[in-house]
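Some notes on the structure that comes next.
The values are calculated or read from the model by the stated rules, or taken from the named source; none is laboratory data. Note that the coordinates shown come from a computational prediction; the quantities given were computed from them, not determined experimentally. For neighbour counting, all protein chains shown are included, and Cβ atoms are generated from backbone atoms with ideal geometry for every residue, glycine included. Surface accessibility is based on the protein's heavy atoms, side chains included, excluding ligands, DNA and RNA. Shrake-Rupley method; radii C 1.70, N 1.55, O 1.52, S 1.80 Å.
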Amino acid sequence: MAVAVLTAHTAVNARLLRTPRATRTALSVSVPRVRLLVGAPLPPGWLGKPHACQQLADAAAPTSEVLVFVDADVVLAPHAVAATADLLDSARLNLVSPYPRQEAPGFTRLVQPLLQWSFLTFLPLRLAERSPRPSLSAANGQLLAVRREVYARAGGHAAVRAEVVEDVALLRAVKAVGGTGGVADGTALATTRMYDGWGELVAGYTKSLHTVPVATSALLSVLYVVPAVAALRGSRAGQLAYAAGVFGRVISARRTGGRPLDALAHPLSVAALVALTARSHLSHRRGTLTWKGRAL
């Protein structure tokens, strides 16, 4: 199987554009199997990451059967690409995105581990892989592999050119043409740190959480925040519900490289996520969403 590994990051691209041409050439020469591309100007109607990914896909070797997209801040294990491509075959999928182990420094670990926890708790993973329902689509663009033929049939990243959450949108486009795919546990394959501090996390989540239905926030509050409040008031049922929530977080943390002790603050984590979701919805309605100084 011919695999093309494609790495795009708009911030990295911006730095490379300010780097002398001789330095960029030396980088390509020092790693012979690496081809360094300088991105074209952003066309109207496109967001930065979909545009960068589409350019990389267009430049991949014509013989490539699988395209593997990797964010620039992801550190891959030596066997990561081979294991990801093998998973496509063994699971008979068209798209797969192994979720990297998330480094969450400081207060970011209050919220960041909820991503893996939410997949493991609420998403029927095997059913979601085959189901065409958009609501059962989950993907992570930090490490994502897709069969090139299906990618092209779905319209590639051009089909999701204006999507902030382009990874989930790409999976939905793949499913719309009869493809299959979803998330997988990539804890042993890759590691990344999305945010260095709470301020960065707030900005990142505000950018994208407006895609989460309000009903989901209400459900999370009822399941995990309300019982914790009741438990503090002496409710036996609230204490049992709190314990069940903590237990689920512990299982998720042990499986995905998180900190099990952080599960004790699970109601606070969910409350913070609900607040960030509300903030994102409000910003979206006001038309004030931004990312790295750019209006969305």
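Among the numbered conditions (1) closer than 15 Å to GLY257 by Cα; (2) touching a residue at least 60 places away in the same chain (Cβ under 8 Å); (3) not polar (S, T, N, Q), the only one that LEU115 does not meet is (2). Scanning segment 106-119 for residues that are part of a helix (DSSP H, G or I) and more than 16 Å from THR216 (Cβ to Cβ) yields a count of 6. Filtering segment 120-143 to residues that are more than 19 Å from LEU88 (Cα to Cα) and either touching a strand residue (DSSP E or B) at 6+ places or on another chain (Cβ under 7 Å) or of a type in the set (Phe, Trp, Tyr) (or both) leaves only PHE122.
Of all residues in segment 208-216, none satisfies being in contact with a Leu (Cβ under 9 Å, 6 or more places away or on another chain), modelled with pLDDT of 95 or more and either open to solvent by 20 Å² or more (accessible area, probe 1.4 Å) or part of a helix (DSSP H, G or I) (or both).
Out of the residues in segment 151-163 meeting the condition of being surrounded by 22 or more Cβ atoms within 10 Å (Cβ to Cβ) and farther than 15 Å from ALA59 by Cα, tell me which one is farthest from the chain's Cα centre (by Cα). Selected residue: ALA154.
Inspection of segment 92-105 identifies no residue that is in a helix (DSSP H, G or I), open to solvent by less than 10 Å² (accessible area, probe 1.4 Å), touching a residue at least 24 places away in the same chain (Cβ under 8 Å) and not aromatic (Phe, Trp, Tyr).
Considering only residues in segment 39-60 that are assigned to a loop (DSSP other than H, G, I, E, B) and more than 20 Å from the chain's Cα centre (by Cα), the one that is nearest to GLY293 (Cα to Cα) turns out to be LEU42. Just one residue in the set LEU170, LEU189, LEU143 is touching a Pro at 6+ places or on another chain (Cβ under 8 Å), closer than 22 Å to HIS51 by Cβ and open to solvent by less than 60 Å² (accessible area, probe 1.4 Å); that residue is LEU143.
For segment 121-129, the criterion of being among the hydroxyl-bearing types (Ser, Thr, Tyr), open to solvent by 20 Å² or more (accessible area, probe 1.4 Å) and closer than 27 Å to HIS284 by Cα is satisfied by no residue at all.
Scanning segment 16-74 for residues that are among the charged types (D, E, K, R) and modelled with pLDDT of 80 or more gives LYS49, ASP58, GLU65, ASP71, ASP73. Only one entry of ALA237, ALA295 meets the criterion of being at pLDDT 95 or above and of a type outside the set (Ser, Thr, Tyr), and that entry is ALA237.
I'd like to verify a number: residues in segment 249-272 that are out of contact with any strand residue (DSSP E or B) (no Cβ under 8 Å at 6 or more places or on another chain) and open to solvent by less than 30 Å² (accessible area, probe 1.4 Å), how many?
10
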